[in-house]
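Trainee: Structure incoming, see below.
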Amino acid sequence: MKLNTNSNSYIIIYSAILVVIVAFLLAFVYQALKPMQDANVALDVKKQILYSLNIRGLDGAEAEAKYAEVVKNEAEAEGVKYYSCQVDGQTKYVFPLKGMGLWGAISGFVAVDDDLNTIYGAYFNHESETAGLGAEIKDSQAWQEKFQGKKILDENGNAAIAVVKKVENPATEVDCVTGATLTSNGVSDMLRDGLVKGVKVLKNSACETKSGEE
């Protein structure tokens, strides 16, 4: 019996078989590549943490080795995740941050000195900000370096760090990215919410530890 390749039933069956084969191949390729993709994602996170510690320009193997050297512990307290690090014999705490920019999610890692009030370094990332404008939070190392040495809290323990259009207090403020006010506001909100919460949690934890030892 000769198949009628022009019939609707033949076309439907042929298409269904083809879809199943393609789906199987895609699933196989995805599973085969997933460990490599996961490793690349993990390495990218490690590099971003190193960037916040002002350690840049390392290739994959170098970054893995340096991360293992400086990052001593990954912990969480009261819902705040942080990394305890040692850089040139000094303790630094790195906080992961998440927020919203103009077009989508933004994120970052901010390293803080052991006084839990002075920014040591910062790195910011984004998913879909405008090139040359909002994307500068990631692309401009010079802008990220402006956060170094900024104070997070004021003398009363209130949030002080901010990204602003006009800097009035150089100790706590960074000027926004030109032409990217909303993205800059997103970074500012991310700092004043996530970072401020993080340092306060660790400060309280340190105080409780000292009280328990007395």
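The values are calculated or read from the model by the stated rules, or taken from the named source; none is laboratory data. Here the structure is a predicted model, which means the values were calculated and not measured. Ideal geometry is used to build each Cβ from the backbone, glycine not excepted, and the neighbour counts take in all protein chains shown. In case anyone asks, the SASA skips ligands and DNA or RNA and just uses the protein heavy atoms, side chains included. Shrake-Rupley method; radii C 1.70, N 1.55, O 1.52, S 1.80 Å.
Trainee: Can you tell me the Rg and the Dmax, both Å, for the Cα atoms in region 26-73?
Mentor: Over region 26-73's Cα set, Rg and Dmax evaluate to 13.1, 40 Å.
Trainee: Then there's this: Taking the full set of protein chains and a 1.4 angstrom probe, give the accessible area of Arg192 in square angstrom, rounded to the nearest 10.
Mentor: 90
Trainee: If a helix is a whole DSSP H run, which ones in the chain reach 24 Å or further along their own axis (Cα) and hold a mean Kyte-Doolittle hydropathy of at least -0.5? Mind dumping the intermediate values first?
Mentor: Details: long enough: 8-52 (61 Å, 1.06); 196-213 (26 Å, -0.47).
Both cut-offs are met by 8-52, 196-213.
Trainee: Just name one of Leu133, Pro35, Ile13: the one whose Cα is farthest towards the positive end of the charge dipole of region 1-155 (beta-carbon charges, Lys/Arg +1, Asp/Glu -1).
Mentor: Ile13
Trainee: What do you get for Rg/Rh over region 1-118 if you use C-alpha atoms and the Kirkwood form of Rh? Could you put the intermediate results ahead of the total?
Mentor: Working: Rg = 24.6 Å, Rh = 18.4 Å.
When Rh is taken as the Kirkwood radius, the ratio is 1.34.
Trainee: Semi-axes of the equivalent ellipsoid of region 65-214: what are they in whole Å, largest first, if each equals the square root of 5 times a C-alpha gyration tensor eigenvalue? It would help to have the intermediate numbers written out before the result.
Mentor: Numbers: eigenvalues 144, 60, 38 Å².
Listed largest to smallest, the semi-axes of region 65-214 are 27, 17, 14 Å.
Trainee: Same structure, new question: Roughly what % of DSSP beta bridges within the chain run antiparallel, to the nearest 5? Before the final figure, lay out each step's value.
Mentor: Details: 29 of 32 bridges.
So the antiparallel bridges in the chain amount to around 90 percent.
Trainee: When we measure straight from the Cα of Lys72, which aspartates and glutamates land under 19 angstrom away, once same-chain ones fewer than 8 places off are left out?
Mentor: Lys72 reaches Asp44, Glu62, Glu64, Asp88, Asp113, Asp114, Asp115.
Trainee: Considering only Cα-Cα distances, which of the following residue pairs are longer than 25 Å: Lys165/Lys203; Lys166/Lys200; Lys46/Lys166; Lys92/Lys138; Lys92/Lys165; Lys47/Lys150?
Mentor: On the way: Lys165/Lys203 30 Å; Lys166/Lys200 27 Å; Lys46/Lys166 33 Å; Lys92/Lys138 22 Å; Lys92/Lys165 29 Å; Lys47/Lys150 22 Å.
As for pairs spanning more than 25 Å Cα to Cα, those are Lys165/Lys203; Lys166/Lys200; Lys46/Lys166; Lys92/Lys165.
Trainee: How much solvent-accessible surface does Tyr51 expose, in Å² to the nearest 10, with a 1.4 Å probe and all protein chains in place?
Mentor: Accessible area of Tyr51: about 60 Å².
Trainee: Skip the ligands, DNA and RNA, and give the accessible area per residue of region 150-203 with a 1.4 Å probe, whole Å².
Mentor: On the way: 2580 Å² over 54 residues.
On a per-residue basis, 48 Å².
Trainee: Another question, then. Tell me, what is the per residue accessible area of region 1-116 in Å², probe radius 1.4 Å? Don't skip to the answer; put the middle values down first.
Mentor: Values: 7570 Å² over 116 residues.
Value returned for region 1-116: 65 Å² of accessible area per residue.
Trainee: Using only helices, what value at 222 nm comes out for the chain when you add -39,500 (n - 2.57) per DSSP H run of length 4 or more and divide by the total residues, to the nearest 500 deg cm²/dmol?
Mentor: Numbers: 6 runs with 93 residues, N = 214.
That calculation yields -14500 deg cm²/dmol at 222 nm.
Trainee: Using unit Cβ charges (K, R positive; D, E negative) and no other charged atoms, how large, in debye to the nearest 20, is the dipole of region 109-214 about its Cα centre? Mind dumping the intermediate values first?
Mentor: Working: 11 positive and 18 negative charges, 40 e Å.
My answer is approximately 180 debye.
Trainee: In whole percent, how big is the carbon plus sulfur part of the accessible area of the chain, probe 1.4 Å, protein atoms only?
Mentor: On the way: 6860 of 12590 Å².
Of the solvent-accessible surface of the chain, carbon and sulfur hold 54 percent.
Trainee: Now, a different point. Counting other Cβ atoms within 10 Å, keep those with at most 16, restrict to DSSP loop, and tell me which chymotrypsin sites (Phe, Trp or Tyr not before Pro) in region 92-121 are left.
Mentor: On the way: sites: Tyr93, Trp103, Phe109, Tyr120; in loops: Trp103.
Within region 92-121, the qualifying chymotrypsin sites (Phe, Trp or Tyr not before Pro) (loop, at most 16 other Cβ atoms within 10 Å) are Trp103.
Trainee: Roughly speaking, what is the stretch gain from Thr91 to Val41, that is 0.36 nm per residue apart minus the C-alpha to C-alpha distance, in nm to one decimal?
Mentor: Values: separation 50, 0.36 × 50 = 18.00 nm, distance 2.59 nm.
Fully extending the segment from Thr91 to Val41 adds 15.4 nm.
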